[in-house]
1. For the condition at the interface with chain B (Cβ under 10 Å from one of its Cβ atoms), surrounded by 13 or more Cβ atoms within 10 Å (Cβ to Cβ) and in a strand (DSSP E or B), what is the one hit in A:94, A:108?
2. Looking only at the range B:1-18, count every residue that is over 13 Å from residue B:101 (Cβ atoms) and surrounded by 15 or more Cβ atoms within 10 Å (Cβ to Cβ) and tell me the total.
3. Closer than 23 Å to residue B:27 by Cβ, surrounded by 14 or more Cβ atoms within 10 Å (Cβ to Cβ) and over 16 Å from the mean Cα position of the chain (by Cα) - does that describe any residue in the range A:47-69?
4. Within the range A:21-35, is there a residue that is outside any strand (DSSP E or B) and within 14 Å of chain B (Cβ to nearest Cβ)?
5. Among B:21, B:97, B:69, B:74, which is the only one that is loosely packed, with under 15 Cβ neighbours inside 10 Å and more than 8 Å from chain A (Cβ to nearest Cβ)?
6. Which pairs do you get when a residue that is under 23 Å from residue B:29 (Cα atoms), found in the range B:52-81, comes within reach of a residue that is of a type in the set (Asp, Glu), reach meaning Cβ atoms under 9 angstrom, with the pair 6+ apart or on two chains?
Amino acid sequence: QVQLQESGPGLVKPSETLSLVCTVSGDSISSHFYWGWIRQPPGKGLEWIGIIYHNGVTYYSPSLKSRLSISVDMSENQFSLRLYSVTAADTAIYFCARVMVAGLTGDYWGQGALVTVSS
Amino acid sequence: QSVLTQPASVSGSPGQSITISCTGTNTDVGRYNYVSWYQQHPGKAPKLIIYDVTNRPSGVSGRFSGSKSGNTASLTISRLQADDEGDYYCGSYTSFSSLVFGSGTTVTVL
């Protein structure tokens, strides 16, 4: 059974960097899938953030691209999200997911991690 | 790119069928057969229920079915049950090599 688990600080100050790690079990990061991030502001809808393949190829949301970095650590079977220069608008539940190569459908999701941006 | 358009809410009685629409453009829904649907219960992660317009993942009830015509995709829930209450989101691959989600629909079982 594929499982994903997000981890990282739940509180980040404005203008600082949001960092989250997703640990994957039940599958290998080097399998033929992308690994991605999606977020959901409290009470609102889903927003696609971006994806990474194990060879390092990434695709990012155009609206976040200038502040975003996604990386992969094959030795730890993890992938990470870094969002720079955050504001209160970046407060959200952040989900990681395994993503199908064809069509970018997220088939397995983590439980989500709430990150609040506040001083 | 803009989110896909879904009705804010849909309701139905137990045993009835309901349909949720998802309208995009010719750069996403209308261009690719890569529409997915997710069910989300309060406080939980989204769960994939339909992918590639019509396919159901293993373990998902056959009461869920998907279709597409032009720029609009649809999710039909047959024989509505109390546990079907929740939020439903569509998603589509786009010509920008990204995914765009719908605005979300709250399903209420009367």
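Read the figures in this text as sums done on the coordinates, not as results from a lab. Here the structure is a predicted model, which means the values were calculated and not measured. With ideal geometry, Cβ positions are generated from the backbone for all residues, glycine too; neighbour counts draw on all protein chains shown.
1. Working: A:94 fails: at the interface with chain B (Cβ under 10 Å from one of its Cβ atoms).
Sole residue among the options that is at the interface with chain B (Cβ under 10 Å from one of its Cβ atoms), surrounded by 13 or more Cβ atoms within 10 Å (Cβ to Cβ) and in a strand (DSSP E or B): A:108.
2. Within the range B:1-18, the subset over 13 Å from residue B:101 (Cβ atoms) is B:7-18.
Restricting the remaining residues to those that are surrounded by 15 or more Cβ atoms within 10 Å (Cβ to Cβ) gives B:7, B:10, B:12, B:18.
Here the count works out to 4.
3. Scanning the range A:47-69 turns up no residue that is closer than 23 Å to residue B:27 by Cβ, surrounded by 14 or more Cβ atoms within 10 Å (Cβ to Cβ) and over 16 Å from the mean Cα position of the chain (by Cα).
4. First, pick out the residues of the range A:21-35 that are outside any strand (DSSP E or B): A:26-33.
Checking the rest, the ones that are also within 14 Å of chain B (Cβ to nearest Cβ) come to A:33.
Looking through the range A:21-35, at least one residue is outside any strand (DSSP E or B) and within 14 Å of chain B (Cβ to nearest Cβ).
5. On the way: B:21 fails: loosely packed, with under 15 Cβ neighbours inside 10 Å; B:97 fails: more than 8 Å from chain A (Cβ to nearest Cβ); B:74 fails: loosely packed, with under 15 Cβ neighbours inside 10 Å.
Step by step, each of B:21, B:97, B:69, B:74 is checked, and only B:69 is loosely packed, with under 15 Cβ neighbours inside 10 Å and more than 8 Å from chain A (Cβ to nearest Cβ).
6. B:57/A:107; B:63/B:84; B:64/B:84; B:66/B:52; B:71/B:28; B:77/B:84
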